[in-house]
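Okay, so here's the structure we're looking at.
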Protein chains: 4
Amino acid sequence: MDDPPFFAAEWLNADRPMALADFRGRVLAVEVFQMLCPGCVLHGLPQAQRLSQTFEAADLAVIGLHSVFEHHDGNSRAGLAAFLHEWRIRFPVAMDAPGTTGLPRTMAAWGLEGTPSLVLFDRQGRMRARHFGQVADLALGAEVMELIREARAA
Amino acid sequence: MDDPPFFAAEWLNADRPMALADFRGRVLAVEVFQMLCPGCVLHGLPQAQRLSQTFEAADLAVIGLHSVFEHHDGNSRAGLAAFLHEWRIRFPVAMDAPGTTGLPRTMAAWGLEGTPSLVLFDRQGRMRARHFGQVADLALGAEVMELIREARAA
Amino acid sequence: MDDPPFFAAEWLNADRPMALADFRGRVLAVEVFQMLCPGCVLHGLPQAQRLSQTFEAADLAVIGLHSVFEHHDGNSRAGLAAFLHEWRIRFPVAMDAPGTTGLPRTMAAWGLEGTPSLVLFDRQGRMRARHFGQVADLALGAEVMELIREARAA
Amino acid sequence: MDDPPFFAAEWLNADRPMALADFRGRVLAVEVFQMLCPGCVLHGLPQAQRLSQTFEAADLAVIGLHSVFEHHDGNSRAGLAAFLHEWRIRFPVAMDAPGTTGLPRTMAAWGLEGTPSLVLFDRQGRMRARHFGQVADLALGAEVMELIREARAA
């Protein structure tokens, strides 16, 4: 099966560029955010950090995807790097490749409505959930575990 | 297999007395609390309410166990009934049977350290976890789902 | 000038019964609460504790008034004493004298709408504010200071 | 009396450049922040917004001072403008003039320890308080009111 499209212009907190296929065999949570989006800063990113601290790295990978669709001139690679440093975000973050319509390419390909969005992939690399806005920790913990366990059985 | 010991002197929010065996086939979460315990009011009971609202009733049953081991004279059935009403706690609540040592009987039999404690039983009725104090929603959601899924497979 | 009516059946956290006149010369904040009222437990009482910790005792006195108008049989002196102990409420608390209509006497005399209510008296013993429900800390801090300063000038 | 030094390179949310003297006659609260500082985003700026909403504009003026002393290349005027827009910060914000030592000029002249810092000036334009880090709303409300009242008397 083909992996879903994924267009990273650049990576931060990572040694080398990665593809979605690199996460095959683990459940993958992608936090899609903009550093200037309050809901991302207050809710989405802290939850992604809790995800990465709660689950075993062998079961769940957590990455960020910086998908800028507004205030393009207020966002820079240097700004994002400083943001990740100050907010102590340690997981790898991809910068979504700019598109031709103002919407970055991965965000458009995944059909996302905005930021923050939390996108879950199963161990086979299939997109299984797209949560736009806030999702409760209790429900998310259950959902992630369901994917983890399902995959073990597969 | 024998069910774990469970001594309910009385039930509130329930039509009739129940035994642990009545929950066989479902995962069971028991919130052990005292109405005068701040950690129970601020953390344990709201989390138990979220548990009962997040999972399907066919998968998870949530009940409370009022286990009074201090301030005995400040606790009454009428006080507890009013407390449950005011805090909008709708799940069934058993009043733990008084013991001979000041510690209520179920709490003593389960070896609990204090309140709040969240005790999880699997679908076969086996005690699987005892959490004293706070447990994070994300980890708890995963733990409950793991029991739910495991049981399906059994 | 006459002091406003105040009917305390009993006091906790106090060496002796007090009258409102005993607070003359200081601003007085009275937190009117019921131990079974969630808004009192979550908001009113913690704010009253912050009040007592923020201002000088020479400027502001803080007391509680337990005004039970519902669930009378679920409230007892022993229950209230245990509640104050567990929630670490150290300021003096008066038990409002029962009235003939279900509404306690002081609460009725002061024309309060419910609990929590925060009632402020100036240094001359005049009632100056009755806040039913939540009031923001920033506005309350300003209001209390205004009474403190006004009184100095008087 | 001379006004304290104040070096604004540029203003946002303002029709024209301002000097501290323009606020004479009112109490002035200056929220000194960096858009990439978590404590500023989570605590300092929301509190400054509450200040501006709680007090009368005739009594208290609230402005921001963006004093960048780290991650200079991650900060831009466009980034700050987008940040203010997204976080709905409506009060005027001055960009502190860059200094020769990495520390911006106003921040250095005021002897501040870092961000967030809340600096209070009285109606005569005298600096009266410098709070580095978090300050409680209740205490701040009282402090601001004390300056407001004091000034009326003067």
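The values are calculated or read from the model by the stated rules, or taken from the named source; none is laboratory data. Nothing here was measured: the structure is a model prediction, and the numbers come from that model. We place every Cβ from the backbone using ideal geometry, glycine too, and count neighbours over all the protein chains shown. Note: areas computed on protein heavy atoms with side chains; ligands, DNA, RNA excluded. Shrake-Rupley method; radii C 1.70, N 1.55, O 1.52, S 1.80 Å.
Quick notes on this structure:
- Residue count for the range C:1-22, restricted to those that are under 25 Å from C:HIS71 (Cα atoms) and either assigned to a strand (DSSP E or B) or acidic (Asp, Glu) (or both): 5
- Search result, residues across the range C:102-132 that are open to solvent by less than 30 Å² (accessible area, probe 1.4 Å) and of a type in the set (Phe, Trp, Tyr): C:TRP110, C:PHE121
- Each residue in the range C:95-154 was checked for being part of a helix (DSSP H, G or I) and either within 19 Å of D:MET145 (Cβ to Cβ) or within 12 Å of chain D (Cβ to nearest Cβ) (or both), and 17 of them qualify.
- Given (1) touching a residue at least 12 places away in the same chain (Cβ under 8 Å); (2) farther than 26 Å from B:GLY141 by Cα; (3) of a type in the set (Ser, Thr, Tyr), index of the condition B:SER52 fails: (2)
- Scanning the range B:69-124 for residues that are more than 20 Å from B:GLY39 (Cβ to Cβ), at pLDDT below 95 and touching a Pro at 6+ places or on another chain (Cβ under 8 Å) yields one hit, B:PRO98.
- Among the criteria (1) away from chain D (no Cβ under 14 Å); (2) closer than 30 Å to D:LEU84 by Cβ, the one A:TRP87 does not fulfil is (1).
- Counted residues, the range A:133-143 - those being surrounded by 15 or more Cβ atoms within 10 Å (Cβ to Cβ) and touching a residue at least 12 places away in the same chain (Cβ under 8 Å): 5
- The range C:6-32 residues that are within 24 Å of C:THR100 (Cβ to Cβ), paired with ones that are assigned to a loop (DSSP other than H, G, I, E, B) and open to solvent by 40 Å² or more (accessible area, probe 1.4 Å) (beta carbon under 6 Å, 6 or more apart): C:TRP11/C:PRO17; C:LEU20/C:ASP3
- Total residues in the range A:23-40, condition open to solvent by less than 10 Å² (accessible area, probe 1.4 Å) and in a helix (DSSP H, G or I): 1
- Residues of the range A:45-74 satisfying the condition of being within 14 Å of chain D (Cβ to nearest Cβ) and either surrounded by fewer than 21 Cβ atoms within 10 Å (Cβ to Cβ) or over 19 Å from D:ALA78 (Cα atoms) (or both): A:LEU45, A:PRO46, A:GLN49, A:PHE69, A:GLU70, A:HIS71, A:HIS72, A:ASP73
- Of all residues in the range A:85-101, those satisfying the criterion of being surrounded by fewer than 16 Cβ atoms within 10 Å (Cβ to Cβ) and within 26 Å of A:GLU143 (Cα to Cα) are A:ARG88, A:ARG90.
- The listed residue being among the hydrophobic types (A, V, I, L, M, F, W, C), under 27 Å from B:LEU80 (Cβ atoms), within 14 Å of another protein chain (Cβ to nearest Cβ) and open to solvent by 30 Å² or more (accessible area, probe 1.4 Å), out of C:ALA82, C:ALA78: C:ALA78
- Applying the criterion of being more than 17 Å from the chain's Cα centre (by Cα) and of a type in the set (D, E, K, R) to the residues of the range B:57-75, the residue that is nearest to C:GLU86 (Cα to Cα) is B:GLU70.
- Members of the range D:144-154 found to be surrounded by 16 or more Cβ atoms within 10 Å (Cβ to Cβ) and over 15 Å from the mean Cα position of the chain (by Cα), listed by number: D:MET145, D:GLU146, D:LEU147, D:ILE148, D:ARG149
- Among residues of the range A:73-93, those that are in contact (Cβ under 8 Å) with a residue 12 or more places away in the chain and in a helix (DSSP H, G or I), counted: 7
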